[in-house]
1. Can you give me the ranges of the strands (runs of 3 or more DSSP E) entirely in region 157-268 with at least 2 residues that are of a type outside the set (A, V, I, L, M)?
2. If I filter region 9-25 for residues that are buried (at least 21 other Cβ atoms within 10 Å of the Cβ) and at positive phi, do I get at least one hit?
3. Just a yes or no: is a residue in region 31-52 away from ligand 1 (no atom under 13 Å from the Cβ), polar (S, T, N, Q), more than 28 Å from Asp261 (Cα to Cα) and surrounded by 13 or more Cβ atoms within 10 Å (Cβ to Cβ)?
4. Between a first residue in region 145-159 that is in contact (Cβ under 8 Å) with a residue 24 or more places away in the chain and a second residue that is among the small types (Gly, Ala, Ser), which pairs have beta carbons less than 8 Å apart while being 6 or more apart in sequence or on different chains?
5. Considering only region 129-156, how many residues are assigned to a helix (DSSP H, G or I) and of a type in the set (Gly, Ala, Ser)?
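Derivation of every value follows stated rules applied to the coordinates shown; laboratory data play no part. Because the structure is predicted, anything quoted here is derived from the model rather than measured. Note that we place each Cβ from the backbone using ideal geometry, even for glycine, and neighbour counts take in every protein chain shown.
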Amino acid sequence: MLNLFEREKLDLQSLSPSDTAINVEGLNLWFGKKQVLNDISMKIPKHRITALIGQSGCGKSTLISSFNRMNDLVDGCRYLGKVEIDGRDINHSRENVARLRASVGMVFQRPNPFPMSIYENVCYGLKLQGMSLRRTLDDSVEQALRDAALWEEVKDRLFEPANILSGGQQQRLVFARALALQPDILLLDEPTSALDPLTTLYIEELMISLKKRCTVIIVTHNMQQAARVSDYTAFIHQGELIEYADSDSLFTMPVKKQTEDYITGRYG
Ligand SMILES: Nc1ncnc2c1ncn2[C@@H]1O[C@H](COP(=O)(O)OP(=O)(O)OP(=O)(O)O)[C@@H](O)[C@H]1O
Ligand SMILES: [Mg+2]
């Protein structure tokens, strides 16, 4: 088992199955005729934060969406290769996609609250899972909203519609909705790009504290954020995984010229 407090760098190539949250093997993905992911193989360690960085359009969102089969919703999407979670091929026809998406939660760049109350948004997934006891739901909603740093702002209007919240509040609500399900893996696609600096800092601290409970994968255009919060970073360029290493090394001594050009702002 991984020790959360150890600072030694894991060998990403030879990560053992029990320390691997997601094993991506030879993943190629097309939208129609356009190939968007090109032969990506990577092992993402459990209980760590892994950042995905790269130019707009390089395939970051597509890659994380293939970790909970969100690309299933896109017409004309086809793939080759494997994505394994806990040794299970998640694209197998017998995979229970609803259960997969509960255990692999996702927060998108643009907040997407459901058209219902704040309270109902947070407990939506729990109710789907069959939780109906009011007291338990109340406790879970409060805890998730506290975790997402929103409780104080909404505790007196839990039954008002979620769309009365500001953009940043809606984003934290979506965070709470994902956290309420206690996911094993949390996929965050530029989760703080709509948030003010203070809330961003809080969310970053939240991500770090979440490592105890789950594996976090974050897409970010903010290099300081990636360096600040992530343990490992993958640099993607035009659908290819160019470099994947511990974040200290990648940001201070990138091996590939393309990585260096990107992190020093020569393009992107
Ligand atoms: N639903 C879709 N149908 C067709 N093409 C798509 C679809 N979604 C994404 N693409 C294309 O796939 C490529 C990768 O897109 P993706 O959204 O993964 O990039 P990204 O790295 O997340 O970019 P950004 O940083 O701008 O969010 C782009 O060329 C995009 O136009
Ligand atoms: Mg994206």
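1. Values: elements: 185-189, 215-219, 232-237, 240-246.
Passing ranges, in order: 232-237, 240-246.
2. There is no residue in region 9-25 that is buried (at least 21 other Cβ atoms within 10 Å of the Cβ) and at positive phi.
3. No, region 31-52 contains no residue that is away from ligand 1 (no atom under 13 Å from the Cβ), polar (S, T, N, Q), more than 28 Å from Asp261 (Cα to Cα) and surrounded by 13 or more Cβ atoms within 10 Å (Cβ to Cβ).
4. As it stands, the answer is Leu145/Ala176; Asp147/Ala176; Ala148/Ala176; Leu150/Ala176; Leu158/Ser117; Phe159/Ser117, since those pairs meet every condition given.
5. Looking only at that region, the number is 2.
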